[in-house]
Each structure stands twice: as structure tokens, then as C-alpha cells.
Amino acid sequence: MTVETGWNPLVRKIAELKIPVIARVNGVAAGAGANVALACDMVVAARSAKFIQSFAAIGLIPDSGGTWVLPRLIGQARAMGLALTGEPISAETAEDWGMIWKCVDDEELDVEVDGITRKLASLPPLGLCAIKRMIRESWSHTLEQELNRQRDQMRRLGFSEDYREGVTAFLEKRPPNFAGR
């Protein structure tokens, strides 16, 4: 798989999908595999998992969005260190650094990710899609622009059927039935 015909389109698709994408990491996520996982909206890793930016050892740079996503997740100093040394980091360290959402015991990985998936599936899809878009696009806006975008999204979502259903279900003490409208 080449960068231009394989990895880059995959990373773009993850970013462009309206719904949240969860990566389940079990084992070693190295090179492009690590960066595709980190491009997802949430990453849950087994405690035995490791993340490796293995590019420098072969004269390459972190591809598949690595040079973009790593500094945004963990800061320039840590991103630079990982990219230059290729030193593997554990899932626990990745969680401590804010590189991934959660590190769980190996035997709990499937249960944890399935639980997150069920939780997200029970929530109003319009709001989830807006959260994903707003957070992903926030890097390119000033605070003033972002405040205006938030205002506009709150207005839009506040008039949705899903919002009304969520409030009504809460008041009636029943589970909501969201329709994505």
C-alpha cells in the first residue's frame, strides 16, 4: 500500500466520516499502523499494546498523518522524540501523555470498546457528528471564530428533533429514542 493511494485516503476518510471512529489496538501499532490508529476519534489500547514511530531508522518521516496528529496529541517535544528515536511507548504511557483515550487490561479490551460503541450508538447522532466536526476543525480557528461556530451549532442542534426527544425523555424518566433529525 502506498502513501498516496492507500494510507492517505484512509486517514482522510477517517477524518471526513461524520460519525466517530474508534480504534481498538491490541499488539504493536508501528509506523503507518500507529498513525492510522491515532487518526481515529478515540483510541482504546490493550495494556500490552505498544506504539512505535519506526520511520527514522529507515530514513523516512512519520506518514499517514503522523507529523500532523502527533504534535497535536502530545506536544512537539514528545512528538519529536518519538519520531526521531523510534522508541516504542507502552499503551499506559500513551494514555498518560494524552495520545490515546484509554488503556485497559488485555482481557477487557473487547468489552471496553464494545461498551463505548453501544454508548455512542445510544446518543443523538446529530450532536455526535457536530462534536467530531467542531473539535477536528477547531485547530484552524481563532477563539472568536470558534465561539461563533459554537453559537451557530447550539442554535442548530437546539432546534433538532433529537434535542427535543432528549429533553422529553429526561423529563419523562425514560430512555430516549433518537432519530438523527
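The values are calculated or read from the model by the stated rules, or taken from the named source; none is laboratory data. Nothing here was measured: the structure is a model prediction, and the numbers come from that model. Here Cβ is always computed from backbone atoms with ideal geometry, including for glycine, and neighbour counts include all displayed protein chains.
Observations on the model:
- Verdict on ALA30 being in contact with a strand residue (DSSP E or B) (Cβ under 9 Å, 6 or more places away or on another chain), touching a residue at least 24 places away in the same chain (Cβ under 8 Å) and closer than 30 Å to PRO125 by Cβ: no
- Among (1) at pLDDT 95 or above; (2) more than 24 Å from ALA45 (Cβ to Cβ); (3) surrounded by 13 or more Cβ atoms within 10 Å (Cβ to Cβ); (4) not hydrophobic (A, V, I, L, M, F, W, C) - the single one GLU144 does not satisfy: (3)
- Restricting attention to the range 147-167, the residues being surrounded by 13 or more Cβ atoms within 10 Å (Cβ to Cβ), in a helix (DSSP H, G or I) and either of a type in the set (Gly, Ala, Ser) or under 25 Å from the mean Cα position of the chain (by Cα) (or both) number 7.
- Check on ARG12, under 25 Å from LEU128 (Cα atoms) and not assigned by TED's automatic domain parsing to the domain that holds LYS132: yes
- Subset tally (residues that are surrounded by fewer than 17 Cβ atoms within 10 Å (Cβ to Cβ), in contact (Cβ under 8 Å) with a residue 12 or more places away in the chain and charged (D, E, K, R)) for the range 109-130: 1
- Scanning the range 53-101 for residues that are of a type in the set (Asp, Glu) and at pLDDT 95 or above turns up GLU87, GLU92, GLU95, ASP96.
- Residues in the range 2-16 that are in contact (Cβ under 8 Å) with a residue 24 or more places away in the chain and either within 12 Å of the chain's Cα centre (by Cα) or not in a helix (DSSP H, G or I) (or both): VAL11, ILE14, ALA15.
- The one condition from (1) assigned to a helix (DSSP H, G or I); (2) modelled with pLDDT under 95 that ARG181 does not meet is (1).
- In summary, VAL111 fulfils each of the numbered conditions (1) within 30 Å of LEU60 (Cβ to Cβ); (2) β-branched (Val, Ile, Thr); (3) out of contact with any helix residue (DSSP H, G or I) (no Cβ under 9 Å at 6 or more places or on another chain) with the single exception of condition (1).
Residue by residue, here is whether (1) closer than 21 Å to SER138 by Cβ; (2) surrounded by fewer than 18 Cβ atoms within 10 Å (Cβ to Cβ) holds:
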{"position": "TRP7", "(1), (2)": "no, no"}
{"position": "LYS18", "(1), (2)": "yes, yes"}
{"position": "VAL36", "(1), (2)": "no, no"}
{"position": "ASP41", "(1), (2)": "yes, no"}
{"position": "ILE58", "(1), (2)": "no, yes"}
{"position": "VAL69", "(1), (2)": "yes, no"}
{"position": "GLY98", "(1), (2)": "yes, yes"}
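- In summary, strands (runs of 3 or more DSSP E) completely within the range 28-103 and bearing 3 or more residues that are hydrophobic (A, V, I, L, M, F, W, C), closer than 25 Å to LYS18 by Cβ and in contact with a helix residue (DSSP H, G or I) (Cβ under 8 Å, 6 or more places away or on another chain) occur at 42-46.
- Of residues in the range 138-181 being without any contact (Cβ under 8 Å) to a residue 40 or more places away in the chain and either of a type in the set (Asp, Glu) or touching a Cys at 6+ places or on another chain (Cβ under 6 Å) (or both), the one farthest from ARG118 (Cα to Cα): GLU144
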